[in-house]
Amino acid sequence: MDKIDRDIINTLQDGFPICPSPYKQVAQHINITEQELITRLEKLLETGVLSRFGPMYHAEQMGGALSLAAIKAPAKDFASIAESINAFPEVAHNYAREHALNMWFVLATETPEQIQQVISKIEEKTGLTVYNMPKIQEYFVGLKLQA
Amino acid sequence: MDKIDRKIMTATQAGLPLTAEPYQTLAEQIGISADEVMQRLKTMQENGIIRRIAAVPNHYKLGYQHNGMTVWDVDDQSIDALGKQLGALDFVSHCYHRPRHLPEWPYNLFAMIHSKTAAGAAEQIKQIAALLGSHCRSHEVLYSTKILKKTGLRISAKNVSP
């Protein structure tokens, strides 16, 4: 990752224009060619430096729901449990964390009712209790990480 | 959101096309004009259906090795005022009020922090603790050790209503 990659990441975390040639516009801003921007973006996505690039949809605004949930996965079965849980398309993110509750995942569903349904399915599949922690209030979502 | 908005969403939730004219590419996939794609994306952004169109970096790959979910047990009466103050800190990426699961999970205020160094993370936690003061009974920090999945929101095409 060089300075141009960092410029790309920092610029694109802020947003992306909606116009006929948006890559060209961003490329001009950071003084590279449109093709170089596209090639570098492909690489940043391929290597996982960027986990995604595109519109970020707001589940609740679309009538859907989000929730944060956690389980206590026994260490010996951790990988297979992660695999079972990740297989659910409703699981948007999943993180291993240092705690008795050692696996934390975000569920995104099209309707609020489906959150409980997915949780029941996960409990059935893993035999573990799912601690559901849907947000009561959102105070802040944002932050740009300086590359 | 109507059927065409849903099509746009389905076509873009994995990402925006990496073509010189990405909205034109989407328009061809969906069977509408590029102008309509752009107009609809703008409207969805204004309505908050789209938070923003942007790149999401992997924290670890940018050198942010210390990503902690800090969780705090604070008075229910003060939580809204405190949550707003935490959310305003420049190192907090997400801040929420969430339910407790007593007795084993007493924490109701969640704030995600990110730092390149362990000392930096410790300093951030100290700042939050100072800000919460006597409103906080106890806290823990759960560092993430591995990203097991990070695909973002996915809604399956089969659920797109006609």
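The values are calculated or read from the model by the stated rules, or taken from the named source; none is laboratory data. Quick caveat: nothing in here was measured; it's all calculated off a predicted structure. Glycine also receives a Cβ, built like all others from the backbone with ideal geometry; neighbour counts cover every protein chain displayed.
Every condition in (1) buried (at least 19 other Cβ atoms within 10 Å of the Cβ); (2) at pLDDT 95 or above holds for A:Met62 except the one numbered (2). Taken over the stretch B:74-86, residues that are in contact with a His (Cβ under 7 Å, 6 or more places away or on another chain) and surrounded by 18 or more Cβ atoms within 10 Å (Cβ to Cβ) amount to 4. A Cβ distance below 7 Å, combined with a sequence gap of six or more or placement on separate chains, defines the contacts here; from the stretch B:1-24, residues that are in a helix (DSSP H, G or I) reach residues that are among the small types (Gly, Ala, Ser) in the pairs B:Thr10/B:Ala157; B:Thr12/A:Gly54; B:Tyr23/B:Ala34; B:Gln24/B:Ala34. Scanning the stretch B:8-54 for residues that are at pLDDT below 95 and more than 19 Å from A:Pro22 (Cα to Cα) returns B:Thr10, B:Asn47, B:Gly48, B:Ile49. Scanning the stretch B:136-162 for residues that are surrounded by 13 or more Cβ atoms within 10 Å (Cβ to Cβ) and among the small types (Gly, Ala, Ser), we see that the one that is modelled with the highest pLDDT is B:Ser144. Only residues that are farther than 24 Å from B:Ile53 by Cβ and crowded, with 16+ Cβ neighbours inside 10 Å were counted across the stretch A:91-115, and they come to 12.
For residues in the stretch A:116-147 being buried (at least 17 other Cβ atoms within 10 Å of the Cβ) and β-branched (Val, Ile, Thr), which is nearest to the other protein chains (Cβ to nearest Cβ)? By that ranking, first place goes to A:Val130. Put simply, of A:Leu68, A:Leu37, A:Leu101, A:Leu45 the only residue that is modelled with pLDDT of 95 or more and touching a Gly at 6+ places or on another chain (Cβ under 8 Å) is A:Leu45.
Give the residues of the stretch A:7-35 that are surrounded by 15 or more Cβ atoms within 10 Å (Cβ to Cβ), within 26 Å of the chain's Cα centre (by Cα) and part of a helix (DSSP H, G or I), sorted by residue number. The answer is A:Asp7, A:Ile8, A:Ile9, A:Asn10, A:Thr11, A:Leu12, A:Gln13, A:Pro22, A:Tyr23, A:Val26, A:Ala27. The single condition from (1) surrounded by 19 or more Cβ atoms within 10 Å (Cβ to Cβ); (2) farther than 19 Å from B:Ile147 by Cβ; (3) touching a residue at least 60 places away in the same chain (Cβ under 8 Å); (4) facing chain B (nearest Cβ under 8 Å) that A:Pro55 fails is (3). Residue count for the stretch A:41-50 under the criterion of being surrounded by fewer than 20 Cβ atoms within 10 Å (Cβ to Cβ) and not in a loop (DSSP other than H, G, I, E, B): the result is 4.
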